[in-house]
Amino acid sequence: MELSTPAGLESLAHAVAEQLGADRTDKDGGTGRVRVAYADGRALELTPNRPRTRISVTAVLPEQATAHGIEVKAITVTALPRPRPSESQAKATARHTADHIRQRLLPAHTAALAELRERTAPQVATFQRAESALAGFLDRPRGGVAISEQPVRRPLGLNARCAVAWWHTLDGPSRTVAPFMADALRRAGLATTEPHGSAYVFFAEPPAEQSDTRFRIAPAAEGAGWSLVDEFTGACVRTYDDQEWAQGITESANGEEDAARRAAVTSMDLPGLSADLIEEEQWRALAVELATAGHMPYGLTDVDYTQTPGFHIYPSAEPGTAKVARLLEPWGAIRPGARFEAPELEVERYDQDMEAYAQLLTSPGRTVAVRLDGIQVTFSDPPTRP
């Protein structure tokens with residue numbers, strides 16, 4: 001069996017994958033390894049040993065396994081087994097390798113993944129912390145908080161049990177409330193993941209020791225591509241077609257996580273809120289009121305604001321006062337726009353939204369006034385700025 005070239009190892013990996021019922025094979029960058037991937041997310045890596053007459057096969061485990069002391073020892077098989085009658089050397093090597101993987105590696109791999117699922121499953125205390133953190137999201141006629149443990153297919157592992165929270169309405173989970181639920185969970189000391197375009201918020205206890213590589217890429221659990229995975233919660237943030245692009249996004253995500261940790265802030269940004277209002281509880285509560293009523297916060301990367309208007313709360317010069325603007329791209333996207341600047345077709349929608357904002361925000365302890373550029377809200381007891 002010729003293993004002196006990458007093509008030889010790829011050919012062997014492909015033949016082994018067919019015999020094992022795996023989904024596909026992938027080259028692992030410039031490492032010289034070839035990965036055999038199953039549709040359920042499991043993966044094996046084949047590496048030739050010098051002088052390339054033996055093959056090492058490693059079961060790939062999530063990085064969380066190391067923290068829990070879980071490992072699977074690699075196996076080594078000969079690349080030159082004796083062929084059976086009328087069998088080529090290449091077929092003999094593939095058969096021999098697949099047999100050893102079935103007998104010596106797959107049972108240990110499955111057991112390790114099962115043990116990891118048990119150790120990383122959400123605990124009762126975690127759910128209790130989440131319920132307490134979200135207690136301020138009072139149920140409303142149009143929705144309420146839901147918390148559940150759900151099986152999730154994720155890369156490099158079988159189904160995992162993950163803790164998930166969402167704002168449930170008659171129409172299903174609501175995207176509008178997800179960022180504020182995630183912020184509240186983080187303020188309770190939990191790690192969160194908001195998958196791109198999803199209304200669900202995954203949460204978990206953060207590790208005792210912070211990692212410099214919270215996010216990583218892995219072969220997609222379903223279909224082709226590369227998934228950006230949050231090691232803290234086990235959730236997939238987004239899947240990309242191009243591995244190099246996915247790697248760049250991963251490095252950026254880890255950089256942002258490091259910056260947030262060094263800045264000691266819960267949320268570097270929060271849709272619907274100006275950056276200098278994020279740490280003020282009264283303004284966050286105002287944003288939550290709008291979101292739980294079904295209004296979309298401005299600033300979500302997965303929402304088309306040419307079709308859906310978003311609210312944005314920004315500070316006013318007067319103490320205890322802020323403006324609530326309604327933004328629709330391209331008009332009003334750069335700055336909050338006044339009503340008379342609105343395109344003719346948007347004037348009616350603008351007026352309807354302003355009226356809805358005003359009715360919702362009118363409450364004891366604050367004054368609401370409709371202005372040309374939005375709603376001015378003044379608290380009787382102004383928030384204390386940090």
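Taking mean projected area of the Cα convex hull in nm² as the quantity of interest, determine which of (1) 17.4; (2) 23.1; (3) 18.9 was computed from the displayed structure.
After the calculation, the listed value that fits is (2).
How do the peptides 123-133, 197-207 rank, highest first, by the average count of neighbouring beta carbon atoms within 10 Å per residue?
The densest-packed peptide leads the list: 197-207, 123-133.
If I stretch the segment between Arg366 and Glu329 completely, what's the gain in nm (0.36 nm per residue apart, minus their alpha carbon distance), one decimal? Please list the in-between numbers first.
Values: separation 37, 0.36 × 37 = 13.32 nm, distance 2.97 nm.
Working it through step by step, the gained length comes to 10.4 nm.
Using Cα atoms only, what is the angle between the long axis of helix 344-361 and the major principal axis of the chain, expressed in degrees (0 to 90) to the nearest 10?
Between helix and principal axis, roughly 80 degrees.
Roughly what % of DSSP beta bridges within the chain run antiparallel, to the nearest 5? Don't skip to the end; give the middle numbers.
On the way: 62 of 64 bridges.
Of the beta bridges lying entirely in the chain, close to 95 percent run antiparallel.
Determine the sum of side-chain charges near Trp226: Lys and Arg each +1, Asp and Glu each -1, restricted to other residues whose C-beta is under 11 angstrom from that of Trp226.
Around Trp226, the charge tally is -2.
Return one number: the angle in degrees, 0 to 90 and rounded to the nearest 10, between the long axis of the Cα atoms of helix 281-292 and the longest principal axis of the Cα atoms of the chain.
Helix 281-292 sits roughly 80 degrees off the main axis of the chain.
If we count every other residue with Cβ under 9 angstrom of Gln282's Cβ, Lys/Arg +1 and Asp/Glu -1, where does the sum land?
Here the count lands on -1.
Neighbouring Cβ atoms within 10 Å as the yardstick, rank His100, His14, His196 fewest first.
Listed from fewest to most nearby Cβ atoms, that is His196, His14, His100.
Ranking request for peptides 167-173, 186-192: highest mean number of other beta-carbon atoms within 10 Å first, then the rest in descending order.
186-192, 167-173
Simple spin-label model, 7 Å along Cα-to-Cβ: Asp99 to Gln150 in nm?
A separation of 4.5 nm, rounded to one decimal place.
Residues in segment 196-238 near a label at Gln123, defined as backbone nitrogen under 20 Å from the 7 Å Cα→Cβ point?
Answer for this model: 202-211, 231-235.
The numbers here are math on the coordinates, done by the rules we state, and not lab data. Every value quoted in this text rests on a predicted model; they were computed, and no experiment measured them. A quick note on method: Cβ atoms are made from the backbone with ideal geometry, for glycine too, and the neighbour counts reach across all protein chains shown.
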